[in-house]
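Engineer: Got a structure here, written out as structure tokens. Questions coming.
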Amino acid sequence: MTGPHLQKRSFTLAGHRTSVALEPAFWSVLEALARTRGMTLSALVQQVDAGRDEPDLPLASALRVHALVSQAEIGAISGATTG
């Protein structure tokens, strides 16, 4: 179910098109993380998808967890460049 508060994006993963719906704040964090790593958002999503320890874990959930865990990385990089 996709509510009005979710943004849906489509990607090709392992040769198949798939759509992921996340809150805009999560997309913003994932986009910033991809930029700090010098990769596209699509490449980051592919990396998270391939690295899932639990294949039954929904991709949207894996991306949310990745965004939360990686928030510290983004903050450390921002602090190093602005401080």
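Engineer: Tell me, yes or no, whether the stretch 23-44 has at least one residue that is touching a Ser or Thr at 6+ places or on another chain (Cβ under 7 Å), open to solvent by 50 Å² or more (accessible area, probe 1.4 Å) and over 13 Å from H66 (Cβ atoms).
Structural biologist: No, that holds for no residue.
Engineer: Shifting gears a bit: Within the stretch 42-57, take every residue that is of a type outside the set (D, E, K, R) and at pLDDT below 95 and give me the one that is farthest from the chain's Cα centre (by Cα). Explain how you work it out, then say what you get.
Structural biologist: First, pick out the residues of the stretch 42-57 that are of a type outside the set (D, E, K, R): 42-48, 50-51, 55, 57.
Still in the list and also at pLDDT below 95: 50-51, 55, 57.
Values: A50: 13, G51: 12, P55: 16, L57: 14 Å.
Result: P55.
Engineer: Would you check which residues across the stretch 1-22 are open to solvent by 60 Å² or more (accessible area, probe 1.4 Å), farther than 17 Å from V48 by Cβ and modelled with pLDDT under 90 and list them?
Structural biologist: M1, T2, P4 - these are the residues of the stretch 1-22 that are open to solvent by 60 Å² or more (accessible area, probe 1.4 Å), farther than 17 Å from V48 by Cβ and modelled with pLDDT under 90.
The values are calculated or read from the model by the stated rules, or taken from the named source; none is laboratory data. On a predicted model such as this, the values are computed, not experimentally measured, just so you know. Methodologically, a virtual Cβ is constructed for each residue, glycine included, from the backbone with ideal geometry; neighbour enumeration extends over all protein chains shown. Side chains included, ligands, DNA and RNA excluded: accessible areas come from the protein's heavy atoms. Shrake-Rupley method; radii C 1.70, N 1.55, O 1.52, S 1.80 Å.
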